[in-house]
1. When only C-alpha pairs under 8 Å and at least 6 residues apart count, what is the relative contact order of the chain, in percent?
2. Work out from phi, with θ = phi - 60° and the Karplus expression 6.51 cos²θ - 1.76 cosθ + 1.60, the ³J(HN,Hα) of each residue of the range 171-188, listed in order in whole Hz, and give x for Gly and Pro.
3. Once label points are set 7 Å from the Cα along Cα→Cβ at both Asn34 and Leu203, what is their separation, rounded to one decimal in nm?
4. Picking from Ile110, Ile119, Ile159, which is most flexible by a Gaussian network model of the chain using Cα springs under 10 Å?
5. Below 25 Å, Cα to Cα, which lysines can Lys128 reach? Residues fewer than 8 away in the same chain don't count.
6. Set the Förster distance to 30 Å, then compute FRET efficiency between Phe27 and Asn184 from the Cβ-Cβ distance, nearest 0.05.
7. Mind listing the long-range amide H neighbours of Ile21? Cut-off is under 5 Å, sequence gap 5 or more, other chains count too, H placed in the peptide plane at 1.01 Å from N.
8. Whole number in Å², please: accessible area per residue of the chain, 1.4 Å probe, ligands, DNA and RNA not counted.
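The values are calculated or read from the model by the stated rules, or taken from the named source; none is laboratory data. Here the structure is a predicted model, which is why all the values come from computation and not from measurement. We place every Cβ from the backbone using ideal geometry, glycine too, and count neighbours over all the protein chains shown. Heavy atoms of the whole protein, side chains included, go into the accessibility calculation; ligands, DNA and RNA do not. Shrake-Rupley method; radii C 1.70, N 1.55, O 1.52, S 1.80 Å.
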Amino acid sequence: IKSLKTELGDSSKLSMGADLISVYSSFPKFNHFNNAVRFLNNEIAVGHFYDLATWQPSDRQNDFYYLSSRYFDSVMSRYTKSVNKLGVDGLWLGDVGNTLASDFKPNKNIDREESKRLITETLALVAKDNSITINNPDFYVWDYLSNAVNLPVKSSENILVNRSVPFLQIVLSGSTRYSGGPFNRSGSDDENFLNAVETGADLYYEWIYKSDVEISSLKGV
């Protein structure tokens, strides 16, 4: 971390990223019986990644649980303390603010409104001392953000849609920094650049330090 910060220099900021709501089933320290969200029938809610061709779960080893919002405060507190010890400049919260779940655990029900309250109260405290970036955030967390990434910069391009109006960017302009999707993961840099100019969005790229072959060969990855 220190060498990376040195390489970035004073002109750049380094944030530490994590998904705090979605917890992989392979994560050994997560007690899904107690801490995961449950359905109305008391079954534990499990998320999957799907094969685009068959729309069936593609790899059950990558299944994940959803953290109940009643535990979000304690998880966020531990995460913030760990990140601050590293000396980074901010927090990158991948799924906080875009994943909101009820929890129907018997005698401990939490609906979506209560879940939202628990999350926003925690973010309000964390945002006082930390810069927060969130991936494609919903409106209820905007008050606590410093940056937002992966915002939509054009319409769904449905056949019934004639024009794209950057309404969200018009509302946010001047109040917070935001960007669309990563330029290097789309088909046209020129189109992305023009969309960024039109919507006032930052330029956003994604890189990795090691090749994907080297990363996938690491034990436990």
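1. Numbers: 320 pairs, mean separation 33.8, N = 221.
Answer for the chain is 15 percent.
2. 3J(HN,Hα) across the range 171-188, in whole Hz: 5, 7, 3, x, 9, 7, 8, 8, 8, x, x, x, 4, 7, 10, 10, x, 9.
3. Distance between label points: 4.9 nm.
4. Maximum among the listed residues: Ile159.
5. Lys128 reaches Lys2, Lys5, Lys13, Lys81, Lys85, Lys116.
6. My answer for the efficiency is 0.55.
7. Distant-sequence amide H within range of Ile21: Asp95, Val96.
8. Using a 1.4 Å probe on heavy atoms only, each residue of the chain averages 66 Å².
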